[in-house]
Each structure stands twice: as C-alpha cells, then as structure tokens.
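The values are calculated or read from the model by the stated rules, or taken from the named source; none is laboratory data. Please read these numbers as outputs of a predicted model, since none were measured by experiment. Cβ sites come from the backbone with ideal geometry, for glycine too, and all protein chains shown count toward neighbours. Surface areas here come from the heavy atoms of the whole protein model, side chains and all, with no ligands, DNA or RNA. Shrake-Rupley method; radii C 1.70, N 1.55, O 1.52, S 1.80 Å.
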Amino acid sequence: MPPIQFKSYHVYESVPNSPLPDHFFISITSATYVSRQEIQQITVVPLRDSQTTYDHPLSVIVDPITNPEVEIIRTLSAYVGGIQTLPDHLFIPHSQGEVSERVKKELKRKLNGWLDL
C-alpha cells in the first residue's frame, strides 16, 4: 500500500479499534523538506471534547459551524499540549477537511508559545 499523503492542517480520523485515546487529529506535518511519499510518521494535535474558551492558552476551538470544510459533528478543541508524532497506519487515509485560516493562525501562535519557538 502506498504511503498516505497527509496534508498540514487537515483533520484525520484514527482507524477503528485504534489504541489512541482520541478519535480526530489535526496533522501539522509539513512536506517542505521531504516528499509526502517519504512520510511514515505524522505529527498531530488531538481534537478533544472540552469546555475551554477561545482564549485558553493550550487549546484552539474547531467549530463545524464556523469551519464547515471540516467533517466533524460537534465542536472539538485542538489540544496543543497533546502534540505527538504517530505512525501513519493509525489513521484512515482520508482527510476530514482543512481547518479554517483562523484555526491555523491560532494553532501556530499557541504551538509557538507551547514549544517556545
């Protein structure tokens, strides 16, 4: 099976019966320095149910009403503190959509703060 061509800032779903604690993830893997065909591990931010606010320092709200390109059925929060690198075989090879520019901007800002870049 050819490698999955993950795209940055797209939502991916874990495979059924996955050992992962979360079901949806935002890929933040970039193919800038390596071709997408060589990527076998992806870096992701988990999407979780939470009651956080827009100004929470470690989460970014992804609302399907304001971000209709993303195929999720309820509002979830991207948990920046949960960033991890996982094997690509743990994900269904289909993007659930790209997050909005607002979400991308907030993710980048909060990841920079969390990682002290």
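Tell me, what is the per residue accessible area of the chain in Å², probe radius 1.4 Å? It would help to have the intermediate numbers written out before the result.
Details: 6790 Å² over 117 residues.
Accessible area per residue: 58 Å².
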Rounded to 10°, Cα long-axis angle of helix 101-115 versus longest principal axis of the chain:
90 degrees
Inter-label distance, nm, simple model (7 Å from Cα along the C-beta direction), residue 15/residue 30
2.9 nm
Build a GNM of the chain with springs between Cα atoms under 10 Å: which of 14, 77, 50 gets the top mean-square fluctuation?
50
Helix-only estimate, please: 222 nm mean residue ellipticity of the chain, summing -39500 (n - 2.57) across DSSP H runs of length 4 or more and dividing by its residues, to the nearest 500.
-4000 deg cm²/dmol
Could you give the nm distance between label points at residue 105 and residue 49, where each point is 7 Å from its Cα heading toward the beta carbon?
3.1 nm
Pick from 101, 69, 13: which residue has the top mean-square fluctuation in a GNM of the chain where Cα pairs under 10 Å get a spring?
101
Report relative contact order for the chain in percent, whole number only (criteria: Cα-Cα under 8 Å, sequence separation at least 6).
30 percent
Quick one: order 12, 79, 54 from most to least accessible surface, probe 1.4 Å.
54, 79, 12
Share of pairwise Cα separations in the chain, more than 22 Å, in percent:
28 percent
Using a probe of 1.4 angstrom, how much of the accessible area of the chain is carbon and sulfur, in percent?
54 percent
Using only the heavy atoms of the protein chains and a 1.4 Å probe, how would 89, 23, 10, 56 rank by accessible area, largest first?
89, 23, 56, 10
Calculated FRET efficiency for the pair residue 69/residue 117, C-beta based, R₀ 30 Å, to 0.05
0.65
Springs between alpha-carbon atoms under 10 Å, Gaussian network over the chain: tell me which of 61, 42, 73 tops the mean-square fluctuations.
73
